[in-house]
1. Find the strands (runs of 3 or more DSSP E) located wholly in the range 122-167 whose residues include 3 or more that are in contact (Cβ under 8 Å) with a residue 24 or more places away in the chain and under 24 Å from PRO411 (Cα atoms), and list them.
2. Could you run through the range 49-76 and say how many residues are over 20 Å from the mean Cα position of the chain (by Cα) and surrounded by fewer than 21 Cβ atoms within 10 Å (Cβ to Cβ)?
3. How many residues does the range 15-58 hold that are touching a Phe, Trp or Tyr at 6+ places or on another chain (Cβ under 8 Å) and among the acidic types (Asp, Glu)?
4. Take the range 3-57 and flag every residue that is in contact with a Ser or Thr (Cβ under 7 Å, 6 or more places away or on another chain) and among the β-branched types (Val, Ile, Thr).
5. Can you find, within the range 77-95, the residue that is farthest from CYS249 (Cα to Cα) among those that are part of a loop (DSSP other than H, G, I, E, B) and open to solvent by less than 60 Å² (accessible area, probe 1.4 Å)?
6. Taking interchain pairs and intrachain pairs at least six residues apart, which have beta carbon atoms under 7 angstrom, with the first residue in the range 423-447 and in the same structural domain as ILE466 (by the TED database) and at pLDDT 85 or above and the second hydrophobic (A, V, I, L, M, F, W, C) and in a helix (DSSP H, G or I)?
7. Does ALA343 satisfy being open to solvent by 30 Å² or more (accessible area, probe 1.4 Å) and either closer than 20 Å to HIS306 by Cα or among the small types (Gly, Ala, Ser) (or both)?
8. Can you tell me which of SER98, SER40, SER21, SER114 is open to solvent by 30 Å² or more (accessible area, probe 1.4 Å) and either without any contact (Cβ under 8 Å) to a residue 12 or more places away in the chain or more than 15 Å from the chain's Cα centre (by Cα) (or both)?
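The values are calculated or read from the model by the stated rules, or taken from the named source; none is laboratory data. Values in this document were obtained by computation on a predicted structure and should not be read as measured data. Neighbour counts run over all protein chains shown; Cβ positions are idealised from the backbone, glycine included. Surface areas here come from the heavy atoms of the whole protein model, side chains and all, with no ligands, DNA or RNA. Shrake-Rupley method; radii C 1.70, N 1.55, O 1.52, S 1.80 Å.
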Amino acid sequence: MATLIHTLADHSDDVNYCAFSSSCLATCSLDKTIRVYSLSNFTELPYSPLKGHTYAVHCCCFSPSGRVLASCSTDGSTALWDTRDGRRLAVLEQPGASPVRVCRFSPEATYLLSGAADGSAVLWDVQSLKLYRSGNVKGGSLVACAFSPNGNFFVTGSSSGDLTIWDDKMRCLYNEKAHDLGVTCCDISSHPVSDSENGFKYFQMASCGQDNQIKLWLISFADFLGVELKYKCTLNGHSAPVLACAFSCDGQMIVSGSVDKCVIICETSTGNTLHTLSQHTRYVTTCAFAPHSPLLATGSMDKTVHIWQLDLRRPCAGDTVENESKVAVEDWSEDDVSAWLCAQDLADFVGLFKMNNIDGKELLNLTKESLANELKIESLGQRSKVLQKIEELRMTMISVSVPVPDEFLCPITRELMNDPVIATDGYSYEREAMENWISNRRSSPMTNLPLHSLMLTPNRTLKMAISRWLETQQK
């Protein structure tokens, strides 16, 4: 049983990542902030939100003691924060100033690893806050990383689909093509498992990717034998790219979140699905188990973080594994519509929608005219906002069985472009995202080279191609 016990809805844009310490939960967002909550009552700490990044915050993580929080951003930096008072302790600039996609402390807090869009991986000495070692993955962005339990090795995942194992001297020890369309996340369990073939101790590793799959691996980190990576199995429960995966503290469960808007919890020993959670209304971007309590956090592009209470008793033979409220939008009740309005910062309209008996089917049929004439929403701005959210909801209903072509995704937001423009670096971006980018800097998001001009030219050919693709998906 997984019970939704609390929803955090403080971020004003997509939630990109969430992380637990023994007493706190941290979340970060496209809105440039990090928020920190107490696990005792899920209230936000007095110093939260943490501000300082000048663009989207992609990842955050606690040090093993929980006293330091790291965050990394598209602005090319990794920041360290004191979790006692929210003071910013340091700003670590990525060499080359490339957008930093992921960061992670080693188990003994000796190092902080930061990985960036240009493929650079940097080990920072946590005590001196100086660069210790650096390296590069080939042919893609570094988007995922995880340390071995002893901290002497770490694994990185790239957008080209490779898993790479490194030692703490930044030597590349092993490389494996794991996901054809790109790795999105990886995690290593701290609990060893034995291998009956040779008696060695292995650790479980999970990776997930744009190929809709979660792969489980057995990995050994014996100094005298080197590293060894063995494929174990593939979990195929999701119907779209899997964006996040994480082990429970005892290594017996793995949770994953996907573009299909579902969260799936599986038993690692059997691969059986224990729970499917479907309360998020947009892509699930992050998920994490708490270290010392039966809690799970899941974050989404719907701007919310759900907190779940887990019943850790294993299902017995013959028990029915529940599928928690996986309801199509057309079948939403009036209460489901009310919950959606709250998640979209439209809570002021809950009473009006209930008074007019707006359920899921009615919601999808609302137009500019019906909002004005039937629901009597007088403000043009408010009508436009409601219609925009409804259109976004209709977009998410497009079948996700076929991945969105990469050329249709904005390189900054990684979302389907609505108003593509060409910058002087030759790349196409979502207009609003690129305008926000050049308001803070005058370099290319893709190459980091200076832009000779800030002119943005509408890419009408690409916009037409996206429209045709959307039409084929709606048939």
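1. Numbers: elements: 130-136, 142-147, 153-158, 162-167.
So the answer is 142-147, 153-158, 162-167.
2. Of the residues in the range 49-76, the ones over 20 Å from the mean Cα position of the chain (by Cα) are 52, 64-68.
Next cut, surrounded by fewer than 21 Cβ atoms within 10 Å (Cβ to Cβ) only: 52, 64-67.
Qualifying residue count for the region: 5.
3. The total comes to 1.
4. Within the range 3-57, THR7, VAL15, ILE34, VAL36, VAL57 qualify.
5. Initial filter on the range 77-95 (part of a loop (DSSP other than H, G, I, E, B)): 83-87, 94.
Applying the additional criterion that residues be open to solvent by less than 60 Å² (accessible area, probe 1.4 Å) yields 83, 86, 94.
Numbers: THR83: 22, GLY86: 27, GLN94: 31 Å.
The qualifying residue farthest from CYS249 (Cα to Cα) is GLN94.
6. Close Cβ pairs (under 7 Å, with a partner that is hydrophobic (A, V, I, L, M, F, W, C) and in a helix (DSSP H, G or I)) amount to ALA423/MET434; SER428/LEU462.
7. Spelling it out, it is not the case that ALA343 is open to solvent by 30 Å² or more (accessible area, probe 1.4 Å) and either closer than 20 Å to HIS306 by Cα or among the small types (Gly, Ala, Ser) (or both).
8. Details: SER98 fails: open to solvent by 30 Å² or more (accessible area, probe 1.4 Å); SER21 fails: open to solvent by 30 Å² or more (accessible area, probe 1.4 Å); SER114 fails: open to solvent by 30 Å² or more (accessible area, probe 1.4 Å).
Going through SER98, SER40, SER21, SER114 in turn, just one is open to solvent by 30 Å² or more (accessible area, probe 1.4 Å) and either without any contact (Cβ under 8 Å) to a residue 12 or more places away in the chain or more than 15 Å from the chain's Cα centre (by Cα) (or both): SER40.
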